[in-house]
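The structure appears below as structure tokens.
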Amino acid sequence: MFHPKVGRHPSGRLYMALQTIGGSDYYGPVEYSVSDDDGYTWSKPEAVPTLGWRDLKGYEMANEGVCDTVVNYDAASDSMLFVGHNCFYRNKRFMDTLGHWGKNDFAPELKIRGVYSALRNDGTWTPRQTIAPEDFAANVSFSCGCGQPVVRHDGEWLMAFYGQELDHSPFCFVTVYRERFDGTSFQLLEHGSILVHRVGRGLMEPSIIEFQGEVMLTLRAEDGKAYWSRSADGLHYAPIQPWKFDDGTNLETSSTQQHFLCTDDSLFLSYTRKNDVNEKVMRFRAPLYIAQVNPDDMTLIRDTETIAIPLDGNPAKPETVRHSGNFMPTRLSKDKWIIADGQCLPVMPYTSVLKIAHITF
């Protein structure tokens with residue numbers, strides 16, 4: 001199982017979205033599992049009936065699936081929201097419709113968008129819906145997969161999106177929407193500033209967290225760095241800056257997401273990075289680290305860095321190392337969090353081990 005993302009219901013029950021992996025970016029239908037003991041044991045996964053595969057009409061041996069699904073509780077509707085994005089497969093493999101790695105599957109008419117379904121309190125699921133704002137209707141991609149949103153007690157959401165500019169441009173931009181869920185569908189109210197970084201594929205998989213009256217943003221990039229920004233209103237963000245340690249050195253990472261954790265008075269970042277033993281591991285994707293953030297200058301305090309989930313395998317034989325980097329932190333209580341990580345071994349046939357780290361601050 002792969003792509004584990006956990007959300008907490010006020011009752012204490014945890015809901016995890018997850019799915020199988022059978023190849024590079026090739027995922028099975030979205031499933032879910034529940035835990036009533038803070039994530040130590042989990043129920044047998046069941047299908048999310050509204051987020052399964054669909055036949056892709058007009059394309060031979062092709063399907064539309066859903067991936068990168070994040071789970072959060074919405075107080076206004078008393079439901080658990082499962083929010084991911086659509087993806088496409090052909091001949092039992094990922095279909096690269098954006099043409100990032102070649103033109104064989106290039107199909108800009110197959111637009112990538114956020115999709116979601118809510119698990120109601122009575123156990124029923126709302127119909128599958130698409131997040132497709134008119135402001136970005138021309139974009140070949142506009143999605144919100146793998147990102148932490150801000151979900152407020154009054155029912156307001158802040159959700160970070162990343163989208164590809166045009167079908168002939170590889171760069172992705174980021175913006176944050178303010179929205180509400182009415183029990184069936186999201187109502188998009190307004191979006192904020194557009195953040196760009198024209199290197200590689202640009203900025204991807206943004207995550208946000210509300211901390212001491214501000215909204216903090218972290219961004220995956222493809223130039224050996226990761227980036228952050230902050231906002232007073234959650235919509236308008238300062239120019240992006242690279243993540244650095246408090247000794248002035250960059251966080252040296254490679255095209256992998258980061259996520260936030262916090263207590264009432266401390267902010268933390270979870271990430272992967274290059275170290276003195278993982279140089280041969282693809283994108284340095286093990287181990288998974290966590291470090292405290294100094295909110296004054298947004299530096300990572302090196303002395304606080306610790307390993308949340310250790311490297312599994314022999315780094316001298318990188319084909320044996322399970323890759324972290326598709327993970328999600330979830331707050332259990334004031335000072336307790338878990339991180340769910342899908343550790344993939346990308347050697348055919350692909351396998352993945354799902355691990356849970358319990359963290360007390």
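The values are calculated or read from the model by the stated rules, or taken from the named source; none is laboratory data. Note that the structure is predicted; figures quoted are calculated from it, not measured. So basically every Cβ, Gly included, is an ideal-geometry build from the backbone, and we count neighbours across all protein chains shown.
Worth a mention:
- Any hit, region 262-275, residues being of a type in the set (S, T, Y), touching a His at 6+ places or on another chain (Cβ under 7 Å) and in a strand (DSSP E or B): yes
- For S324, the test of being under 20 Å from A221 (Cβ atoms), modelled with pLDDT of 95 or more and in contact with a helix residue (DSSP H, G or I) (Cβ under 9 Å, 6 or more places away or on another chain) is failed.
- Within region 281-306, tally of residues that are closer than 21 Å to M328 by Cβ and charged (D, E, K, R): 3
- Note on region 125-211: enclosed strands (runs of 3 or more DSSP E) holding 1 or more residues that are over 24 Å from A238 (Cα atoms), out of contact with any Cys (no Cβ under 9 Å at 6 or more places or on another chain) and in contact (Cβ under 8 Å) with a residue 12 or more places away in the chain are 129-131, 172-181, 186-191.
- Complete set of residues in region 263-274 that are buried (at least 21 other Cβ atoms within 10 Å of the Cβ) and among the polar types (S, T, N, Q): S270, T272
- Those residues of region 78-104 which are surrounded by fewer than 16 Cβ atoms within 10 Å (Cβ to Cβ), under 21 Å from D55 (Cβ atoms) and in contact (Cβ under 8 Å) with a residue 40 or more places away in the chain, in sequence order: K92, R93
- Every residue from region 39-77 that is over 23 Å from T124 (Cβ atoms), surrounded by fewer than 17 Cβ atoms within 10 Å (Cβ to Cβ) and not aromatic (F, W, Y): T41, D55, K57, G58, E60, M61
- Remark: F260 matches the filter, which requires a residue to be in contact (Cβ under 8 Å) with a residue 40 or more places away in the chain, within 23 Å of C67 (Cβ to Cβ) and of a type in the set (F, W, Y).
Table: residues versus (1) of a type in the set (V, I, T); (2) out of contact with any helix residue (DSSP H, G or I) (no Cβ under 9 Å at 6 or more places or on another chain); (3) crowded, with 19+ Cβ neighbours inside 10 Å; (4) within 27 Å of R198 (Cβ to Cβ).
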site	(1), (2), (3), (4)
F106	no, yes, no, yes
D122	no, yes, no, no
T126	yes, yes, yes, no
R152	no, yes, no, no
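- Pairs where the first residue, in region 28-47, is over 23 Å from N86 (Cα atoms) and touching a residue at least 40 places away in the same chain (Cβ under 8 Å) and the second is of a type in the set (D, E, K, R) and not in a loop (DSSP other than H, G, I, E, B), C-beta under 9 Å, 6+ apart: D38/K336
- Residue in region 287-300 that is farther than 15 Å from F268 by Cα and either in contact (Cβ under 8 Å) with a residue 12 or more places away in the chain or basic (K, R) (or both) present: yes
- Criterion violated by E252 - all others in (1) in contact (Cβ under 8 Å) with a residue 24 or more places away in the chain; (2) touching a Ser or Thr at 6+ places or on another chain (Cβ under 9 Å); (3) assigned to a loop (DSSP other than H, G, I, E, B); (4) within 24 Å of E279 (Cα to Cα) satisfied: (2)
- Filter pass, V353 being assigned to a strand (DSSP E or B), without any contact (Cβ under 8 Å) to a residue 60 or more places away in the chain and among the β-branched types (V, I, T): yes
- When region 275-291 is filtered for residues that are surrounded by 16 or more Cβ atoms within 10 Å (Cβ to Cβ) and either of a type in the set (S, T, Y) or over 20 Å from the mean Cα position of the chain (by Cα) (or both), the ones remaining, listed by number, are N275, N278, V281, Y289.
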